[in-house]
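Structure, as structure tokens:
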Amino acid sequence: MQIRDIGLSALKGGPHTTRKNVLLEAYGPVGDRLFAVVDLANGRVLKTVEHPLLITCRARWHDGELSVNIGGQQIAAKPEFNGQNVTLDYWGRSVGMQVIDGPWARAFSRLLGKDVAVAQINAPGGVVYGDSVTIVTTSSLRRLADEAATTVDARRFRATFTIDTGDAAAQVEDSWAGRELDVGSARLLVGAGIPRCAVIDLEPDTGARGTNLLKTLARLNGSDIPFGVYAQVIRPGSVGCGDQVRLVPGS
């Protein structure tokens with residue numbers, strides 16, 4: 001087995017940016033989901049499932065500059081904190097954040113048709129739904145494509161790692177739960193399956209709805225609709241595309 005693809009997003013809800021390598025710290029991938037679009041009036045972090053146009057907003061965080069493509073316009077600047085510290089709701093969890101000044105809020109407000117702001121998360125992982133690392137496999141993607149009778153773009157699942165599992169059985173990753181997995185120089189503890197929502201039916205480039213993958217998964221897997229698995233970092237390290245993936249014997 002080996003790492004086929006790596007992805008992360010500096011902006012919560014934005015599309016994953018393909019990476020050749022990533023550094024995993026104890027809290028998860030470095031640079032992942034550092035910023036979020038927020039509704040201050042209602043005290044909430046915006047969700048992609050409710051605002052699918054977020055999936056078109058590719059973000060990059062580099063050398064202290066946040067660059068985001070919003071409605072086809074590339075907007076880049078260095079965030080400035082305005083001293084506004086807020087605690088917002090994210091799926092029932094309270095998350096501490098700092099509102100930032102800059103050109104992004106106005107552009108996001110125009111795109112989404114509502115007044116929003118942009119905030120930086122105080123602690124890594126604050127706007128991560130489950131564990132910080134997610135995994136899908138080529139075996140499971142292949143089976144889903146066969147069952148749905150359509151091509152399945154792996155980007156729909158926005159996984160940290162897509163692992164090439166060769167001719168292994170579909171959903172082989174489910175059997176890894178509770179076991180340790182060496183990826184590059186890092187080690188992961190594999191967890192439970194990832195419950196999926198309607199976001200997987202959004203076209204990765206436009207945010208348009210256009211597939212029935214969620215219904216296909218429900219037919220295959222039952223009401224929980226899992227696909228892929230969560231994982232936690234138990235040994236920090238670097239991971240690159242092409243790196244070998246190995247189940248730790250006896251784990």
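The values are calculated or read from the model by the stated rules, or taken from the named source; none is laboratory data. Keep in mind that this is a model prediction, so the values were computed, not measured. Heads up, the Cβs are rebuilt from the backbone with ideal geometry, glycines too, and the neighbour counts pull from every protein chain shown. Heavy atoms of the whole protein, side chains included, go into the accessibility calculation; ligands, DNA and RNA do not. Shrake-Rupley method; radii C 1.70, N 1.55, O 1.52, S 1.80 Å.
Below 8 Å between Cα atoms, with a sequence gap of 6+, how large is the relative contact order for the chain in percent? Could you put the intermediate results ahead of the total?
Values: 602 pairs, mean separation 62.5, N = 251.
It comes to 25 percent, rounded to a whole number.
For Val86, project a label point 7 Å along Cα to C-beta. Then give me every residue of segment 115-137 with its amide nitrogen under 16 Å of that point. Taking a point 7 Å out along Cα→Cβ of Val86, the residues of segment 115-137 whose backbone N falls under 16 Å are 115-123, 127. Normalised per residue, the accessible area of the chain is 45 Å², obtained with a 1.4 Å probe and no contribution from ligands, DNA or RNA. Each label point was placed 7 Å from the Cα along the Cα-to-Cβ direction; for Leu247 and Glu25 their separation is 3.2 nm. Inter-label distance, Arg219 to Asp164: 3.0 nm, where each label sits 7 Å from its Cα along the C-beta direction.
Note on the chain: dipole from Cβ charges, positive end direction compared against Ala177, Leu53, Ala192; the farthest Cα belongs to Leu53. Under a Gaussian network description of the chain, with springs only between Cα atoms under 10 Å, the residue in Gly71, Gly83, Gly125 that fluctuates furthest is Gly83. May I ask you to derive the FRET efficiency for Ser175 and Ala208 from their Cβ-Cβ distance with R0 = 35 Å, giving the value to the nearest 0.05? With R0 = 35 Å, the Cβ-Cβ based efficiency is 0.50.
Subtract the Cα-Cα distance of Val49 and Tyr129 from 0.36 nm times their separation in residues, and report this length gain in nm to one decimal. Numbers along the way, then the final one.
Details: separation 80, 0.36 × 80 = 28.80 nm, distance 1.29 nm.
Taking Val49 through Tyr129 to full extension adds about 27.5 nm, to one decimal.
Evaluated with a Cβ-only charge set (Lys, Arg +1; Asp, Glu -1), segment 34-121 carries a dipole of roughly 220 debye about its Cα centre, given to the nearest 20.
From Cα pairs below 8 angstrom and at least 6 apart in sequence, can you work out the relative contact order of segment 1-111, rounded to a whole percent?
Taking the mean separation of contacting Cα pairs over the length of segment 1-111, I get 20 percent.
Would you count, across the chain, every pair of lysines whose alpha carbons are under 20 angstrom apart, provided the pair is eight or more residues apart or spans two chains?
Values: Lys12/Lys47; Lys12/Lys78; Lys12/Lys114; Lys47/Lys114.
Pairs that pass both the separation and distance tests number 4.
Between Leu40 and Ile234, full extension at 0.36 nm per residue minus the direct alpha carbon distance yields a gain of 66.3 nm.
Placing +1 at every Lys and Arg Cβ and -1 at every Asp and Glu Cβ, with all other atoms neutral, what dipole size does segment 93-149 have around its Cα centre, in debye to the nearest 20?
Numbers: 6 positive and 5 negative charges, 26 e Å.
Once rounded to the nearest 20, the dipole reads 120 debye.
Over the chain, with every protein chain in place, what whole percent of the accessible area is carbon and sulfur at 1.4 Å, could you tell me?
Numbers: 5410 of 11380 Å².
The computed percentage sits at 48.
Subtracting the Cα-Cα distance of Lys114 and His62 from their residue separation scaled by 0.36 nm leaves 15.9 nm.
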